[in-house]
Amino acid sequence: MIDWMRRLLSRREQERPSPEAPAEPAAPAVSGEPGPDRAAEILEAIQKAARTQARLGARLEALESKVEGGFTDLRTVIAGRPAAARESVPWDDLLDALDLLEEAIRSIGGAQGREAAEGLRGIASRLDRFLAQSGLVRVSAPDRLTDGKLFRVVGTEQLPDLADGAIARLVRSAVLEGDRVIREGEVIINRRSS
């Protein structure tokens, strides 16, 4: 664009009559075609805009590198901590929030709540990815309890459509770091009255 403006100005200067040549009658200016003074102003404005755009681009790149550097530092700090230090991190608040999100997703019903449920699922999946990057995995309740190592029963409900002893509701997800249990899960099971 700047080269085009320079060529336009140089062509205009070449077309100017020399002082020795007889003056020709001036041709009427074509509308939309800038005069030499106006073209110089336009060229200067374009150059200023290009410089401003270059400065803003440099600032944007600097901000992007700072943000990415911050995330890299955070990942390094989390990954570099020994297992004992990671245990002291208060994961319970985040894990409880995820459990509440899943309960809210289950409770939203109908076509009107579908979009809200999808949004909540997106938030939950991002938090799950963060936990996975930290080396933690949330475990949902199985259909039946096989042992008491991962989940403990905290209550019973009476539901006629479920088998006796089946998990009726997940209260709290279990969390693993590798094979080690970080947080025990809690469930409510079905008990039919005899």
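The values are calculated or read from the model by the stated rules, or taken from the named source; none is laboratory data. This one's a predicted model, so the numbers in the text were calculated from it and none came from an experiment. Note that we place each Cβ from the backbone using ideal geometry, even for glycine, and neighbour counts take in every protein chain shown.
Odds and ends about this structure:
- As a summary of the residue check, R126 satisfies the conditions (1) surrounded by fewer than 11 Cβ atoms within 10 Å (Cβ to Cβ); (2) modelled with pLDDT under 85 except for the one numbered (2).
- Any hit, the stretch 82-92, residues being surrounded by 10 or more Cβ atoms within 10 Å (Cβ to Cβ), at pLDDT 70 or above and in a helix (DSSP H, G or I): yes
- Test: residue in the stretch 149-156 that is in contact with a Gly (Cβ under 9 Å, 6 or more places away or on another chain), touching a residue at least 40 places away in the same chain (Cβ under 8 Å) and surrounded by fewer than 15 Cβ atoms within 10 Å (Cβ to Cβ): no
- Residue among T72, T52 that alone is assigned to a helix (DSSP H, G or I) and at pLDDT 75 or above: T52
- Residues of the stretch 154-177 include at least one that is in a loop (DSSP other than H, G, I, E, B), in contact with a helix residue (DSSP H, G or I) (Cβ under 7 Å, 6 or more places away or on another chain) and assigned by TED's automatic domain parsing to the domain that holds A97.
- For beta carbons closer than 6 Å, sequence separation of 6+ or different chains, a first residue in the stretch 119-140 that is under 18 Å from V181 (Cα atoms) and a second that is modelled with pLDDT under 85 and in a helix (DSSP H, G or I), the qualifying pairs are S134/I78.
- Residue satisfying all of: in the stretch 185-194; closer than 15 Å to G155 by Cα and in a loop (DSSP other than H, G, I, E, B); modelled with the lowest pLDDT among these: S193
- Some residue of the stretch 131-143 being buried (at least 17 other Cβ atoms within 10 Å of the Cβ), under 23 Å from the mean Cα position of the chain (by Cα), outside any loop (DSSP other than H, G, I, E, B) and at pLDDT 85 or above: yes
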